[in-house]
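Participant: Before I ask anything, let me first share the structure, which is written out below as C-alpha cells.
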Amino acid sequence: MRERLSRLVALGFGSGLAPRAPGTAGTLFAWVAFALLDRWLEPAGWAALIALSFVGGVWACGKTGRDLGVADHGAIVWDEVVAFWIVLLFVPAGFGSQFAAFVAFRFFDIVKPPPIRYYDARLKNGFGVMFDDLLAAFYTLLLFAFWLR
C-alpha cells in the first residue's frame, strides 16, 4: 500500500484493508476524519477538499482498480469517504443525526436501489467507482430532507 500514493488514497489510508466490511470501515474513517478536520474547515474549505478528493479519487480508484485487476475492489473505499463527507457536511451536527446518516448511507451503498445499481454495473472505471457512492449520498440527504421536513 505504501508503494503507491494511488493505493494509499484508494484504500482509505488503510481503512479498506479491514478484514470484514471494508466499506463500513471506510465510512467510519470518513466520520472520524470529518470530526477532526471540521475544527479547521469552514463550508467553503470542505467544498474545496471534497472537490479535490473526488477528482483525486477518480484517478486513485481507477489506477488501483487496474493494478488489482478488479475495477471496484472491495478494499477501495475512497468513494465511501468522499461521499460520506458530503453527507456529513449537510446533516445536522450531533451524534444522533450523524449516526442516522451513517446507517442510511451504508444502507443505500449496500442495497444500491435504482439507479445506483445501474451505474455500479456499467461504469467500471475510477469515475464509476466514485459516482455510485455520490448517488448513495444523494439518497441519504434526500431521506434527511424528508425527515426534517
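Participant: Which members of segment 65-109 meet the condition of being modelled with pLDDT under 95 and of a type in the set (A, V, I, L, M)?
Facilitator: 68, 70, 71, 93 - these are the residues of segment 65-109 that are modelled with pLDDT under 95 and of a type in the set (A, V, I, L, M).
Participant: While we're looking at this one, here's another question. Which residues, counting only those in segment 122-132, are part of a helix (DSSP H, G or I) and surrounded by 12 or more Cβ atoms within 10 Å (Cβ to Cβ)?
Facilitator: Of everything in segment 122-132, those that are part of a helix (DSSP H, G or I) and surrounded by 12 or more Cβ atoms within 10 Å (Cβ to Cβ) turn out to be 126, 127, 128, 129, 130, 131, 132.
Participant: Follow-up. Scan segment 78-103 for residues that are more than 16 Å from the chain's Cα centre (by Cα) and within 26 Å of residue 63 (Cβ to Cβ) and report the count.
Facilitator: 0
Participant: Please work out which one of (1) under 22 Å from residue 35 (Cα atoms); (2) over 12 Å from the mean Cα position of the chain (by Cα) is the condition residue 106 fails and give its number.
Facilitator: Of everything listed in (1) under 22 Å from residue 35 (Cα atoms); (2) over 12 Å from the mean Cα position of the chain (by Cα), residue 106 misses just condition (2).
Participant: Of these, 141, 52, 135, which one is in a helix (DSSP H, G or I), under 20 Å from residue 22 (Cβ atoms) and either at pLDDT 95 or above or under 16 Å from the mean Cα position of the chain (by Cα) (or both)? Break it down into steps so the answer makes sense when it comes.
Facilitator: On the way: 141 fails: under 20 Å from residue 22 (Cβ atoms); 52 fails: under 20 Å from residue 22 (Cβ atoms).
None of the other options fit; the residue is 135.
Participant: Just give me the residues in segment 55-86 being in a helix (DSSP H, G or I) and in contact with a Leu (Cβ under 6 Å, 6 or more places away or on another chain), in sequence order.
Facilitator: 83
Participant: Mind checking which residues of segment 25-49 are farther than 20 Å from residue 106 by Cβ and assigned to a helix (DSSP H, G or I)?
Facilitator: Listed by number, the residues that qualify are 36, 37, 43, 44, 45, 46, 47, 48, 49.
Participant: If I filter segment 112-121 down to residues being more than 15 Å from the chain's Cα centre (by Cα) and in a helix (DSSP H, G or I), which single residue comes out as nearest to residue 49 (Cα to Cα)?
Facilitator: Initial filter on segment 112-121 (more than 15 Å from the chain's Cα centre (by Cα)): 113-115, 117-119, 121.
Now narrow it down to the ones that are in a helix (DSSP H, G or I): 117-119, 121.
Working: 117: 27, 118: 28, 119: 25, 121: 28 Å.
Restricting to residues being more than 15 Å from the chain's Cα centre (by Cα) and in a helix (DSSP H, G or I), the top hit is 119.
Participant: Is there any pair linking a residue in segment 10-24 that is under 12 Å from residue 109 (Cβ atoms) and in contact (Cβ under 8 Å) with a residue 24 or more places away in the chain to one that is buried (at least 22 other Cβ atoms within 10 Å of the Cβ) and acidic (Asp, Glu), with Cβ under 6 Å and at least six apart or on different chains, and which?
Facilitator: Between residues of segment 10-24 that are under 12 Å from residue 109 (Cβ atoms) and in contact (Cβ under 8 Å) with a residue 24 or more places away in the chain and residues that are buried (at least 22 other Cβ atoms within 10 Å of the Cβ) and acidic (Asp, Glu), the close pairs are 23/80.
The values are calculated or read from the model by the stated rules, or taken from the named source; none is laboratory data. Only a predicted model underlies this, so the values are computations on that prediction, with no experimental measurement involved. Cβ: placed from backbone, ideal geometry, glycine included. Neighbour counts: every protein chain shown.
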